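The structure appears below as structure tokens.
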Amino acid sequence: MSSTWQRHDMSFLEGRRLRRSRASAWSRAMVRETTLTPADLIWPLFIIEGQNARTPIKTMPNVERLSIDLAVEAARAARDAGIPALALFPNTPDDKRSEDAAEAYNPDNLMCRALSAIKSAVPDIGLIADVALDEYSANGQDGLVREGVILNDETIEVMIRSALVQAKAGADIIAPSDMMDGRVAAIRQALDAEGFEDRQIMSYAAKYASCYYGPFREAVGSGSRLVGDKRTYQMDFANSDEALREIAQDLEEGADSVMIKPGLPYLDVIRRTKDTFNVPIYAYQVSGEFAMIEFAAQAGAIAREPAILESLHAFKRAGCNGILSYFALEVARDLLD
């Protein structure tokens with residue numbers, strides 16, 4: 001066999017060289033299909049009691065729980081970096097948790113005081129209030145429990161009361177994250193009846209029963225007390241058609257925007273939602289996703305900053321209008337530089 005290399009006729013490629021537009025940085029910038037800006041990011045904050053208090057979260061490197069005064073400082077930093085909104089999650093003290101989750105509708109609870117303080121100090125940043133009972137219940141469940149069964153309608157009654165005190169405290173967006181049936185319509189009706197017609201509802205419309213929530217549950221103090229699991233109300237990770245039915249129902253009930261959670265494992269659901277519904281779509285880059293990037297980077301398995309940017313662009317490419325991410329402040333500041 002001859003070892004002589006023979007040049008083949010490659011003239012057919014002359015009009016099809018897609019690499020031309022990738023040959024230089026300026027050209028890649030010109031043809032880039034997806035852009036990421038600080039306005040695409042929502043920063044989740046964990047709130048604790050105290051003054052000038054911050055506590056680390058061992059499974060979430062570089063993320064801390066903040067007392068309300070420090071959360072106000074964080075809100076100023078977010079505003080200055082161009083982040084449009086914060087999502088707040090309280091770590092309710094043990095002595096305030098109960099089987100009936102009554103602290104959820106205490107107008108002086110940790111969430112409401114944080115909403116009021118931030119809105120007063122930084123009125124031009126949006127505030128998204130989580131509405132679910134796991135941050136107030138003694139058993140870590142998102143709903144009221146009777147004999148091991150999660151009660152749908154009784155839970156909604158508590159959520160309505162919780163949403164109303166949050167709206168009164170300054171929440172701009174009410175975000176039910178529980179996955180009870182009918183809660184969007186019930187909350188919308190209650191908000192309108194109390195004069196809060198302008199408050200948005202961002203529904204966690206497709207929230208999956210996922211293993212990626214572990215660090216979050218540690219952060220809000222619900223993980224160690226969780227009794228049972230959440231598979232009877234959160235979605236089966238094997239399903240996507242069902243997600244579209246959940247989203248359609250919440251939109252019919254008055255949701256202004258929808259959330260898919262977790263994020264990267266469900267990019268297909270985001271894309272299907274974008275193709276099916278002409279509404280604002282958000283995704284949550286949840287605590288487990290965040291932790292995987294951080295710990296993989298610490299182990300030297302990936303480059304941290306490129307991995308963060310690649311993951312966030314994936315959400316935008318799939319069709320998201322915005323992303324909840326613990327990387328939000330860092331990324332927003334980098335994007336401004």
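The values are calculated or read from the model by the stated rules, or taken from the named source; none is laboratory data. Note that the structure is a prediction, hence the values are computed from the model and not measured. Because the Cβ atoms are built from the backbone with ideal geometry, glycine has one as well, and the counts that use them run over all protein chains shown. The accessibility values were calculated without ligands, DNA or RNA, using every heavy atom of the protein model including side chains. Shrake-Rupley method; radii C 1.70, N 1.55, O 1.52, S 1.80 Å.
Over the Cα atoms of segment 251-323, the radius of gyration divided by the Kirkwood radius equals 1.06; this is the Rg/Rh ratio.
Reported to the nearest whole Å, the Cα centre-to-centre distance from segment 170-185 to segment 247-283 is 14. Looking at segment 28-106, the accessible area is 47 square angstrom per residue; that uses a 1.4 Å probe and ignores ligands, DNA and RNA. Per residue, the average separation of C-alpha pairs within less than 8 Å and at least 6 apart gives the chain a relative contact order of 18 percent.
Per residue, the average separation of C-alpha pairs within less than 8 Å and at least 6 apart gives segment 110-229 a relative contact order of 29 percent.
Largest accessible area first, the residues V158, V145 order themselves as V145, V158 under a 1.4 Å probe with ligands, DNA and RNA left out. Computed over neighbours whose Cβ is under 10 Å from that of L110, the net charge equals -2, Lys and Arg +1, Asp and Glu -1. Dividing the helix sum by the residues of the chain, where each DSSP H run of 4 or more adds -39500 (n - 2.57), gives a mean residue ellipticity at 222 nm of -11500 deg cm²/dmol. Accessible surface computed residue by residue for segment 207-337, with neighbouring protein chains in place and a 1.4 Å probe, gives 44 Å² per residue. For the chain, modelled as a GNM whose springs connect Cα atoms under 10 angstrom apart, the maximal fluctuation among R217, R231, R65 occurs at R231.
Across all C-alpha atoms in segment 217-298, the radius of gyration and Dmax reach 14.8, 45 Å. On the chain, 50 percent of the accessible area sits on carbon and sulfur atoms, based on a 1.4 Å probe. Measuring from label point to label point, each 7 Å out along Cα→Cβ, what is the A193 to R32 span in nm? Between A193 and R32, the label points sit 4.9 nm apart.
For G322, the residues whose amide H sits under 5 Å from its own are I281, A283, ignoring neighbours fewer than 5 places away on the same chain, with H placed 1.01 Å from N.
For segment 1-69 versus segment 138-161, the spacing of their alpha-carbon centroids is 40 Å.
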